[in-house]
1. By per-residue mean of other Cβ atoms within 10 Å, what is the highest-first order of 459-468, 167-176, 425-434, 308-317?
2. Multiplying the sequence separation of residue 410 and residue 390 by 0.36 nm and subtracting their Cα-Cα distance, what value in nm do you get?
3. By per-residue mean of other Cβ atoms within 10 Å, what is the highest-first order of 1-8, 253-260?
4. Which value at 222 nm does the chain reach when only helices count, each DSSP H run of 4 or more adding -39,500 (n - 2.57), with the total divided by all residues and rounded to the nearest 500 deg cm²/dmol?
5. If a/c stays under 1.5 just call it rounded; otherwise compare a/b with b/c (prolate if a/b is bigger, oblate if not). Do that for the range 358-476, with a ≥ b ≥ c from the square roots of the Cα gyration tensor eigenvalues.
6. Per-residue counts of other Cβ atoms within 10 Å, averaged by peptide: what ranking do you get for 113-125, 54-66, 185-197, highest first?
7. Measuring from label point to label point, each 7 Å out along Cα→Cβ, what is the residue 419 to residue 98 span in nm?
8. Under a plain spin-label model, where a point goes 7 Å from the Cα along Cα-to-Cβ, how far apart in nm are residue 18 and residue 52?
Ligand code: GLN
């Protein structure tokens, strides 16, 4: 296998054994990018020179006898809504098309300390609003398993880059499913940590009470390694949690004997593809064969999750996006006669249709007279959804469901029907509303050969239990896992 096809932990062994250099690894990744990026469009910005310089420096340090830590010299792709000092951060929006961040997000500082090599910034739905990466100002990203299909979203660029071997590891952000759903559509691993586990400082805010940064990787071990690097309390983010950070790799034990797994019936109802439902039944059998105990459970308030999310997320977005006024940041309309016109024209021209739709919904839901009827009510139901999970976790260690009701759909299939796009997040949204951690891993393939993901949800701050279940499952089906067929 070529270097760019390996995982971070495999490359780490080669670096420790001095079989390869960080520079060689980085160059191989760019060779692959040069061969396939024209078809996939994973990246908005490539940071080639900076990456080669970073890799050279790592090689120098290794040569000087420095201990090679797990992510040292490993190429990483960063979703383009995280601030990167001196490098463009566009959020795939015309509004920020030329915006160069003057500082690093906390996760970037942590990754630099860990010694990763940033390859570039990846494509997303504009301001992370979407589930297909079709709303990007920089064009759609294509799924490496079938270029006519979406890679999922909003972190579609990060997921496609990993599935196409255009990076070794990546970061995404997840407000309602944007790490897990693209990971599932691209046949890889995506972990949304507990709310507060990873600092949001420097993540361009979409819906602040839901947003969370997490890893998108080729396997569960790499997800644990990235979690080790990016987790922890940060004084710069008042919502980051001051809790102990475990060594996530300690969870990588291929043993689920005695583990109690709940399977909520609400996640397998109407609207779920038969092949996806069948895959869950097969996964249940696999977990049981490994010694876990699976039982059907009920999370009765699930049916309200999408409605609640589409009040709370747009409400917070309308407030967060108010800062893009044509005065600060980048896009500014040229022909405005006064300040109000400057605001209106800059925002009308700078934002795309999905972002405008969300700002309008959110502004309406927060307006006086409607606030109690919509926003307050949504917050109350959000508490009920959270309580459903708390109750289930009194009995069960892990909750298993599909990640998405279907495998990757065709480009354009849902683009003009926002409601059907919104409904494709039905399995991931409740997790963000409850603030709990959840991982998507490959579960199998449908008849068309497209990957199907399974989702494992856990108690708040108990990423280790879902990592253990995910790792055990992955080890069990390892020989059946496939790679995206994309040729250079
Ligand atoms: N698809 C969902 C939305 O459009 C989730 C997006 C996300 O998690 N960033 O809001």
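1. Working: 459-468: 22.2, 167-176: 29.6, 425-434: 27.4, 308-317: 24.1.
Put in order of decreasing packing, that is 167-176, 425-434, 308-317, 459-468.
2. On the way: separation 20, 0.36 × 20 = 7.20 nm, distance 3.65 nm.
So the extension gain works out to 3.5 nm.
3. On the way: 1-8: 17.0, 253-260: 14.5.
So the peptides 1-8, 253-260, ranked by packing, come out 1-8, 253-260.
4. On the way: 15 runs with 182 residues, N = 488.
Calculated mean residue ellipticity at 222 nm is -11500 deg cm²/dmol.
5. Values: a/c = 3.37, a/b = 1.27, b/c = 2.65.
Oblate is the answer for the range 358-476, as a/c is 1.5 or above yet b/c matches or exceeds a/b.
6. Values: 113-125: 26.4, 54-66: 15.5, 185-197: 28.2.
Answer by packing, highest mean first, reads 185-197, 113-125, 54-66.
7. 4.1 nm
8. 2.5 nm
Values quoted throughout were computed directly from the atomic coordinates according to the rules given, and no laboratory measurement underlies them. Please read all numbers here as calculations on a predicted model, not as lab measurements. So basically every Cβ, Gly included, is an ideal-geometry build from the backbone, and we count neighbours across all protein chains shown.
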